[in-house]
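Asks: Here you go, one structure.
We did not get these values from a lab; they are worked out from the coordinates using the rules stated. On a predicted model such as this, the values are computed, not experimentally measured, just so you know. Positions of Cβ are generated from backbone atoms using ideal geometry, with glycine treated the same way; all protein chains shown enter the neighbour counts.
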Amino acid sequence: MAGRPQLTGRAAILAIVVCAIAMSLAYPVREYIAQRRELIQLREEQERELAALRAAEERGRQLLDPNYSKKLARERLFYCDPGQKCFVVMPDEQERQKKREAEDGGGPARQLPWYEALWKSVEAADGSVTSGKSR
């Protein structure tokens, strides 16, 4: 028994062949796994895009509805139907002060209605013109 080597020639060749097979399969298996991962990501992206498309189609259907357009005009632009009396309730002084503090203090930004933004731009333009003339 002392004369037998632990690793015979056949065992060494067999080990080399097994290693060669494992090495030749490693790259394709890695590519397969990477492609499966990419396929999963693409399917998720497709689902997100389809959901966004459905939402855009729904939004388009809403905008084609004349009642929805009128509702948006009343809510955002304070439009009124002909013959209808409309009122805009102005906030009291305390609420206006809170809004000013929120705007100045870095609170949540409030988007001004279009007519207020227009008026502020007119006032700002008028202020620069009058300050230029007084010099």
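Asks: On a 0 to 90° scale, report how tilted helix 93-104 is relative to the longest principal axis of the chain, with both axes built from alpha carbons and the result rounded to the nearest 10.
Replies: Value to nearest ten degrees: 40.
Asks: Let me understand the chain better: what is its radius of gyration from the alpha carbons, and its Dmax, in angstrom?
Replies: Cα radius of gyration and Dmax of the chain are 36.6, 116 Å respectively.
Asks: Going by alpha carbons, how many degrees (0 to 90, nearest 10) lie between the helix axis of 66-77 and the longest principal axis of the chain?
Replies: 70
Asks: Check the cysteines of the chain one by one and keep only those with no other cysteine Cβ under 4.7 Å from their own.
Replies: Cysteines lacking a close Cβ partner in the chain: C19.
Asks: Something else about it: Tell me, what ³J(HN,Hα) does each residue in the stretch 43-52 have, in order and in whole Hz, if you take phi through Karplus 6.51 cos²θ - 1.76 cosθ + 1.60 with θ = phi - 60° and put x for Gly and Pro?
Replies: For the stretch 43-52, the Karplus curve yields 5, 5, 5, 4, 4, 5, 5, 5, 5, 5 Hz.
Asks: Here is a follow-up. Give me the angle, in degrees from 0 to 90, between the Cα long axis of helix 114-133 and the longest principal axis of the Cα atoms of the chain, rounded to the nearest 10.
Replies: Long axis of 114-133 versus the principal axis of the chain: about 70 degrees.
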